[in-house]
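The structure appears right after this line, and notes come after that.
The values are calculated or read from the model by the stated rules, or taken from the named source; none is laboratory data. None of these values were measured; they are calculated from a predicted model. As a convention, Cβ positions derive from the backbone with ideal geometry for all residues, glycine included, and neighbour counts pool all protein chains shown. The accessibility values were calculated without ligands, DNA or RNA, using every heavy atom of the protein model including side chains. Shrake-Rupley method; radii C 1.70, N 1.55, O 1.52, S 1.80 Å.
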Amino acid sequence: MSLDPVSNPAAIPEEVLARAEARGINRRDFIRFCTMTTAALALPVTMVGRVAAAVADTRVPVIWVEYQSCSGDSEALLRANQPTAGEIILDLISLEYSEVVMAAAGHQAEEAKRQAAEKYRGKYLLVVEGSVPTGADGAYCTIGGHSAVEDCRKLVNGAFATICVGSCSSFGGIPAAAPNPTGAISVMEAVPGAPIVNLPGCPVNAENLTATIVHVLTFGKLPATDSLGRPKFAYGKRIHDNCERRGHFDAGQYAQTFGDVGHRQGHCLYQLGCKGPETFHNCPTIRYNEGASWPVMAGHGCIGCSEPGFWDTMSPFYRRLPKVPGFGIEDTADKIGIGLAAATAMAFGLHGVASCFRKGDAMEEDKVVREE
Amino acid sequence: MLEIRYVWEWPVRITHWVNVLCMLMLSITGFYIGSPFMTASETSQYIMGWMRLLHFVFAYLFTVSVLSRVAWMFLGNHHASWKAFFPWTTAEGRRNFVKMFRYYTFTGKKISYEVGHNPVAATAYLGIFMLFFFQIVSGFTLYGMYAPGGVWSGLTGWVLTLVGSQWLRLLHHGVMWLLIGFFINHFYSGWLMDVKERNGTMSGIFSGYRYIEPRDL
Ligand code: HEM
Ligand code: HEM
Ligand code: SF4
């Protein structure tokens, strides 16, 4: 099969393509995967060759564990509807343990995990999904008789690096939302100081996970992160600043309710409580499910699911601003403000009337000369 | 003999009126940013764009003005000094504060005789300057979010760690209403004192001059 140069713009060497092909990966898929992942990592196109060489024959052992999670992140990766990313990533890694997809169960599965952690000590990548409960001595989540905290500490410390997928393992997520009955914490809080990268989102975007793994394969280290441990390539820009509806925002065209004229015409969802202006994520550029769509494209405002504590800080999801503490849910900051201004005006108005009728308090009475 | 005294030097007056202009513009544009009360009929319009641009232009002007006034607290006369905003640190200030407070609450008859700010007003201004700083810090924090790793986000990142962007927005929004509430009070008190003090309170913030009887001090 000959390749036209257009579809292999980065000129991945033939020999690398052959190696990938030998592993049963279609070369077109492989080129596309390498090019897109390089782009997702915000690397120049000249790096495609290096990325391709790194992923063509390495297989990195991965242990994927779940604590307090809904398996949504596993789903996001496995249910990818096109073969490319999902399949290639499963080809790139050697999944040693994953509750969702492995055949083994019970003691057998635990034994497999223990052996993998032992055999690949310091080499395996740990992927954590779900938050770590610390309440009641960790009794809220146990695996094979061990608490999630114990399990997590052991695996994180033995790993080459840890990738937290989804908001729960990254920041505590929904289990950690007030009143946090299980005392859920993030992996970074459970094992401070360990090499951890956070890929928050509800669920994680599979392409960001792939890109992170490819980064590790290519450069032998985790990608550069921000102060919250999120890779800059994926979380370095605000949703609002890359949103396809931004033109409507700047123009002043807003959907006021779901299904109104503005909404049907694709106007900005700011007034419907969109949290794009507060959320750092690459959803508008990468989208979900191999570029199929993302919430704002589908007509629903961003709920800020990849920000720390989003369940508490980004709600009410259909309001722009949080509820003012101590006031009813229908009271907006502006209603309260207008009330405050009216009360002030009234109070000082009355004060003024009373002051007008006040006698003998004006100063310098002796200097006043009345004009004829 | 009644004296004409030059009390409010030009930097005090200029920064005051620049602040008033900024307050007006920042409140109108900020209110629009919070709840866009005009909608565009064409996508080629740029209403929110202009509102935000104006908000940021006046935000910079406001910041320069407030910082200039702060500098003048160390360079100007003793009425403009930072010490004037802490009247209750001296025995006389505390006495006059009580006197003034009782006058306002109809429990006392006498107004405290002052050349500069009266102690109650000065205390309010201290609070207002705090709110000014709060708006500047919270505003530039929100502003910095467009460019993580940039100058503003570098200077203000700690604010987001402390408060979180949604709460910060609510507070930035709420403080606007506090400032509007202050303004209503402030305008009223200015009028009241102009009527009762008869020493040029209002014209003083335009001209700088007030009419003082030294015997009564
Ligand atoms: C006393 C002066 C100020 C007032 C009354 C004021 C008022 C407001 C209001 C009401 C909002 C809307 C908040 C919301 O509902 O989300 C806002 C937004 C904002 N303000 Fe201010 N503001 C002031 C000063 C400043 C300053 C000094 C800055 C500095 C750059 C600033 C930057 C911003 C930014 C960046 C936003 C968000 C704009 C956006 O998301 O598009 N503000 N302001
Ligand atoms: C029509 C509008 C206004 C008028 C006529 C006015 C009048 C005055 C007067 C007469 C003073 C001197 C008061 C004294 O002797 O203690 C003053 C001071 C002051 N006003 Fe206003 N004012 C106005 C609007 C505002 C607004 C909107 C603000 C801010 C929200 C403001 C903030 C201040 C501050 C902070 C001072 C202290 C000035 C200093 O020491 O630098 N004023 N104003
Ligand atoms: S839809 Fe949301 S993210 Fe997009 S421009 Fe409007 S407010 Fe910003």
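Do we have B:Phe31 as touching a residue at least 12 places away in the same chain (Cβ under 8 Å), under 25 Å from B:Gln166 (Cβ atoms) and within 13 Å of chain A (Cβ to nearest Cβ) here? Full working, then the answer.
Working: touching a residue at least 12 places away in the same chain (Cβ under 8 Å): yes; under 25 Å from B:Gln166 (Cβ atoms): yes; within 13 Å of chain A (Cβ to nearest Cβ): yes.
Against the criterion (touching a residue at least 12 places away in the same chain (Cβ under 8 Å), under 25 Å from B:Gln166 (Cβ atoms) and within 13 Å of chain A (Cβ to nearest Cβ)), B:Phe31 qualifies.
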Scan (1) open to solvent by 10 Å² or more (accessible area, probe 1.4 Å); (2) over 27 Å from B:Gly93 (Cβ atoms); (3) of a type outside the set (Lys, Arg) for the single condition B:Gln166 breaks and write down its number. (1)
Of those in segment B:196-217 that are at pLDDT 95 or above, among the hydrophobic types (A, V, I, L, M, F, W, C) and open to solvent by 50 Å² or more (accessible area, probe 1.4 Å), the residue nearest to B:Gly93 (Cα to Cα) is B:Met202
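Taking the criterion of being of a type in the set (Ser, Thr, Tyr), within 16 Å of ligand 1 (Cβ to nearest atom) and open to solvent by less than 40 Å² (accessible area, probe 1.4 Å), would at least one residue in segment A:228-244 satisfy it? Steps first, please.
Of all residues in segment A:228-244, those of a type in the set (Ser, Thr, Tyr) come to A:235.
Those still in the list that are within 16 Å of ligand 1 (Cβ to nearest atom) too: none.
No: zero hits.
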Looking at segment A:44-52, can you tell me whether even one residue there is of a type in the set (A, V, I, L, M) and surrounded by fewer than 21 Cβ atoms within 10 Å (Cβ to Cβ)? yes
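Can you name every one of the helices (runs of 4 or more DSSP H) wholly within segment A:153-263 that holds 3 or more residues which are under 27 Å from A:Ala136 (Cα atoms)? Step through it out loud before you land on a result.
Working: elements: A:166-171, A:187-190, A:206-219, A:232-235, A:246-251.
In segment A:153-263, A:166-171, A:187-190 are the helices (runs of 4 or more DSSP H) which contain 3 or more residues that are under 27 Å from A:Ala136 (Cα atoms).
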Output the residues belonging to segment A:355-372 that are facing chain B (nearest Cβ under 7 Å) and in a helix (DSSP H, G or I). A:Ser355, A:Lys367
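Could we say that B:Leu131 is at pLDDT 95 or above, within 11 Å of chain A (Cβ to nearest Cβ) and either open to solvent by 30 Å² or more (accessible area, probe 1.4 Å) or within 16 Å of ligand 3 (Cβ to nearest atom) (or both) here?
Values: at pLDDT 95 or above: yes; within 11 Å of chain A (Cβ to nearest Cβ): no; either open to solvent by 30 Å² or more (accessible area, probe 1.4 Å) or within 16 Å of ligand 3 (Cβ to nearest atom) (or both): yes.
Against the criterion (at pLDDT 95 or above, within 11 Å of chain A (Cβ to nearest Cβ) and either open to solvent by 30 Å² or more (accessible area, probe 1.4 Å) or within 16 Å of ligand 3 (Cβ to nearest atom) (or both)), B:Leu131 does not qualify.
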Identify, please: which residue in segment A:321-340 is buried (at least 16 other Cβ atoms within 10 Å of the Cβ) and without any contact (Cβ under 8 Å) to a residue 12 or more places away in the chain and is, among those, farthest from the other protein chains (Cβ to nearest Cβ)? A:Lys323
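Taking into account only those residues within segment A:264-280 that are farther than 14 Å from A:Glu244 by Cα and not aromatic (Phe, Trp, Tyr), which is surrounded by the fewest Cβ atoms within 10 Å (Cβ to Cβ)?
Checked segment A:264-280; the qualifying residue surrounded by the fewest Cβ atoms within 10 Å (Cβ to Cβ) is A:Arg264.
Quick grid of which residues meet (1) away from ligand 1 (no atom under 14 Å from the Cβ); (2) assigned to a helix (DSSP H, G or I); (3) more than 14 Å from the chain's Cα centre (by Cα):
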| position | (1), (2), (3) |
| --- | --- |
| B:Ala122 | yes, yes, no |
| B:Phe133 | no, yes, no |
| B:Phe140 | no, yes, yes |
| B:Gly157 | yes, yes, yes |
| B:Leu171 | no, yes, yes |
| B:Phe182 | no, yes, no |
| B:Asn185 | yes, yes, no |
| B:Ser189 | yes, yes, yes |
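Taking segment B:43-81 on its own, how many of its residues are part of a helix (DSSP H, G or I), open to solvent by less than 20 Å² (accessible area, probe 1.4 Å) and away from chain A (no Cβ under 13 Å)?
At the first step, the residues of segment B:43-81 found to be part of a helix (DSSP H, G or I) are B:47-75.
Going one step further and asking which of them are open to solvent by less than 20 Å² (accessible area, probe 1.4 Å), we end up with B:48-49, B:62, B:65-66, B:69.
Filter again for away from chain A (no Cβ under 13 Å), leaving B:62, B:65-66, B:69.
Of the residues in that region, 4 qualify.
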